[in-house]
Structure formats: C-alpha cells, structure tokens
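For reference, the structure is listed below as structure tokens.
All of the numbers you see were taken from the coordinates with simple rules; none came from a lab. Bear in mind the structure is a predicted one, so any value in this text is a computation, not a measurement. Glycine gets a Cβ as well: all are built from the backbone with ideal geometry, and neighbour counts include every protein chain shown.
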Amino acid sequence: MPTLPDYTRRYTVEEYFALEEVSDIRHEYYHGEIFPLDGPQAMAGATFAHNTIKQNCVIALRLGLRGKGCRVFDENVRLRINADDHFTYPDVMVTCAEEDQLETRIVQHPTLLIEVLSNSTELRDRSWKLQQYQLLPSLRQYVLISQKRVFVESYLLNERGAWELTMLRQSQEILYFPSLHLRMTVAEVYEEVGLPPLHLAETIS
C-alpha cells in the first residue's frame with residue numbers, strides 16, 4: 001500500500017513532482033502546500049454527468065481546432081499558474097502558444113480553461129480559482145459548467161481588459177469561444193447528460 005502524503009508539511013516543487021509520479025491521486029500545489037483533487041470525497045463528484053460534459057467539450061474543441069496549431073487537454077495535464085508556486089489540473093484547457101507545443105506534462109500559456117462544477121470543487125472554482133486563473137496573461141476565457149442543471153457561465157476578457165460574464169440556461173443558446181473562432185450550443189455541451197433546464201426562480205447551488 002503506498003504511503004499517504006503528509007498534508008501538514010510543505011513540499012518543494014521537486015518533491016511535489018516526485019509525489020505526483022507515484023501517487024494514485026492528483027494534487028494541487030500552492031506555495032508548498034498540497035491539496036488532494038481526487039480521493040473518496042472528490043471522486044464522489046466524478047459522476048457520469050461530469051465525465052460526459054468534459055468529453056463533449058474536449059471532442060468539440062479538438063475537432064474544431066484540428067490543424068490550427070492548438071492543443072486540447074483534459075484533467076490529467078498540469079497547469080502552471082504562477083512560476084513554481086501554483087500547479088493544478090483544470091478539467092479542460094486549450095493552449096495555442098508555441099511555448100507549450102513541445103511540453104509533455106505542463107501547460108503555462110492557456111487560452112481557454114473549463115471547469116465542470118462538483119460538490120467538492122464548486123466553491124474553489126467559482127472564487128479562488130477564478131481569481132488565480134485570471135492572473136494568467138494568456139487566458140482569454142474561463143468557463144464554468146454545472147452538472148446539476150443546464151447552466152453555463154462564461155467569463156470572457158474583453159478589449160478593455162475587463163472580464164465579462166455571460167450566463168446560458170437554454171439548450172438553444174450558444175457558448176462562444178471568440179479567441180478560438182469556435183462555438184457550441186448548450187445542447188452540445190450537455191449531450192447525453194439529460195439534465196433539466198435551470199429556471200430563474202431556482203437557487204444556484
């Protein structure tokens with residue numbers, strides 16, 4: 001049985017990389033601290049809906065970006081957010097940067113990041129990760145997708161350098177990826193998931 005990480009100590013980046021090579025679960029790294037992204041609590045959020053939504057996005061993006069010099073990754077590829085201080089694993093990310101083309105394990109210049117919300121990650125995805133991701137100079141769009149109801153939130157960096165939020169609730173609405181010159185309908189995002197639409201009177205949980 002593998003030794004469990006010591007979550008009370010601080011790790012160097014080299015120790016963190018070594019841990020990820022042998023660990024059965026993934027960890028986020030922030031200024032020496034590590035946080036499990038998998039395990040019993042997190043895996044409870046890895047539902048059929050979560051995986052189907054993620055795959056729908058990956059497939060659509062890969063098909064749309066074929067031959068355009070961009071790469072699409074899922075949650076098993078690490079993102080470096082701030083030098084050697086912060087690493088995490090977004091559900092979906094796209095990079096078109098030349099600097100990332102030869103990388104095999106770490107992306108540093110994403111254009112698009114997508115997180116599929118779950119009970120164990122929603123609070124961090126909506127608040128702290130949103131703030132951290134927006135520090136990335138290359139990032140142009142951050143998308144949050146609910147797996148409980150048909151509800152998509154798209155944060156888009158406008159020409160004035162401000163982040164604009166668009167909320168999509170109906171299957172016929174369009175999720176635009178302007179920096180990639182692509183689009184998906186909300187129905188395509190939720191294909192084979194079978195969730196009810198989110199009504200305005202409902203509380204977003």
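For the reader, a short list of remarks on this structure follows.
- For Asp91, Asp100, the sequence from fewest to most other C-beta atoms within 10 Å is Asp100, Asp91.
- Summing charges over neighbours of Ile114, with a neighbour being any other residue whose Cβ is under 9 Å away from its Cβ, gives -1 when K and R count +1 and D and E count -1.
- The longest part of the chain holding none of the exposed loop GluC sites (Glu not before Pro), meaning those outside H, G, I, E and B in DSSP with at most 14 other Cβ atoms within 10 Å, is 1-158.
- Taking the chain, the Cys residues with no second Cys beta-carbon under 4.7 angstrom are Cys57.
- Note on the chain: helix-only mean residue ellipticity at 222 nm, from DSSP H runs of 4+ residues weighted -39500 (n - 2.57) and normalised by residue number, equals -6500 deg cm²/dmol.
- Summing charges over neighbours of Ala49, with a neighbour being any other residue whose Cβ is under 13 Å away from its Cβ, gives 0 when K and R count +1 and D and E count -1.
- Sorted ascending by nearby beta carbons within 10 Å, beginning with the fewest, Met167, Met184, Met93 become Met167, Met184, Met93.
- Here's the list of lysines a cross-link from Lys148 could span, going by alpha-carbon distance under 30 Å and ignoring same-chain residues fewer than 8 apart: Lys54, Lys129.
- The chain, relative contact order in percent, only Cα pairs under 8 angstrom and at least six apart counted: 15 percent
- Per-selection metrics, the stretch 45-189 (Cα): Rg and Dmax in Å: 14.2, 42
- In straight-distance terms, cross-link reach from Lys68 covers every one of the aspartates and glutamates whose alpha-carbon lies under 20 Å from its own, apart from those fewer than eight places away in the same chain; here that gives Glu98, Glu99, Asp100, Glu103.
- The string of couplings for the stretch 165-176 from the Karplus curve (6.51, -1.76, 1.60, θ = phi - 60°) is 9, 10, 10, 10, 10, 10, 4, 7, 6, 10, 8, 8 Hz, one whole number per residue in order, with x for Gly and Pro.
- Of the residues His181, His27, His50, the one with the fewest other Cβ atoms within 10 Å heads the list, and the complete ranking is His181, His50, His27.
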